[in-house]
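First comes the structure, then the notes that go with it.
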Amino acid sequence: MDQSSKTPLLTRLRHETRRRELSIISSRRVTPNMLRLRLGGPELADFVSASPADHVKLFVPDGTGGKVMRDYTPRRHDPEESWLEIDFALHDAGPATLWALQARPGDRAEIGGPRGSLVIGGPVASWVLIGDETALPSIARRIEELPPGATVTSIVAVSDIADQQVVETKADHEPIWVHRKDPADATALATALEAVALPPQTFVWIAAEAGVARALRDAVLARGVPPEWLRAAGYWVVGEADASVKDL
Ligand SMILES: Cc1cc2nc3c(=O)[nH]c(=O)nc-3n(C[C@H](O)[C@H](O)[C@H](O)COP(=O)(O)OP(=O)(O)OC[C@H]3O[C@@H](n4cnc5c(N)ncnc54)[C@H](O)[C@@H]3O)c2cc1C
């Protein structure tokens, strides 16, 4: 058999990078610790997000008159109605989290990007998506966008049952939720992962706190998954502001 047909197809797309001035349309709690903002405006007209693993840069006040940037996933985009939703995993501190909590309809919002998209395709027989609350927007979007007949298992860590979400999809989806108090502890996710089969042609996607993502990546590689069937990212780093490791 042609071995190339056994390799996932990773396509990198570049997009024109520009800043967009938008306004807040609505703010609502999806679950107690997940806040969803809907942003809209004419500057979204040519917005493109080709992959659930995309991110936009969100420009928010730094508290001293300047601005800082943080990365967020385009959770859902409606080009017809010209809106974009972003889900914020609420945590104790941080300018983006503070800004999101205070955002009210009519307030301005500024985003940049996505600069590019990594589209994963080819002979993927099944997906295993693993992550914490910060990865849940991407994981939920990917599950929603999978076609009928696709097989996907998600393993997501949240603090308790109230933060679990129902994800609508035409794919064959097995959701696994784990609960833990310390988001920098990989144990709960690693234990759940041990019980999940990883047959050939399973694409494994991981995003969480960087140390957690690294531990999970190592566990997946130790089970013999070829590196080209795996993407892992640290979406944040415990104890460090504005930190991520996009490609572990
Ligand atoms: C590609 C990509 C996509 C992302 N998509 C999303 C998304 O859709 N939704 C989302 O909520 N996040 C997402 N993140 C993570 C988000 O960018 C970080 O959590 C970011 O640090 C939050 O900014 P902040 O201003 O609130 O906190 P910061 O100022 O960056 O950090 C302040 C402190 O809070 C800690 N911290 C940061 N995040 C968390 C957390 N989640 N839980 C506990 N402590 C934390 C830091 O370690 C630091 O000590 C994404 C990250 C990447 C790289």
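Rule-based calculations on the coordinates, nothing more; no lab input. No experiment lies behind these values; they were computed from the predicted model shown. Cβ: placed from backbone, ideal geometry, glycine included. Neighbour counts: every protein chain shown.
A few notes on this one:
- Each of Phe88, Phe203, Phe47 has some number of other Cβ atoms within 10 Å of its Cβ, and from fewest to most they run Phe47, Phe203, Phe88.
- Once the Cα atoms are used to define both axes, helix 136-145 deviates from the longest principal axis of the chain by about 70 degrees.
- Note on the chain: with charges restricted to the Cβ of Lys and Arg (+1) and Asp and Glu (-1), its dipole about the Cα centre is near 340 debye.
- The ranking of Asp132, Asp87 from fewest to most other beta carbons within 10 Å of each one's beta carbon is Asp87, Asp132.
- Across the chain, the relative contact order, built from alpha-carbon pairs under 8 Å that are at least six residues apart, equals 19 percent.
- Each Cα pair under 8 Å and six or more residues apart adds its separation to the average, and for the stretch 8-126 the resulting relative contact order is 43 percent.
- Every helix of 4 or more DSSP H residues in the chain counts as -39500 (n - 2.57), and over all residues that averages to -4500 deg cm²/dmol at 222 nm.
- Sequence-distant aspartates and glutamates (8 or more away, or on other chains) whose Cα lies within less than 15 Å of Lys67: Glu21, Glu110, Asp242
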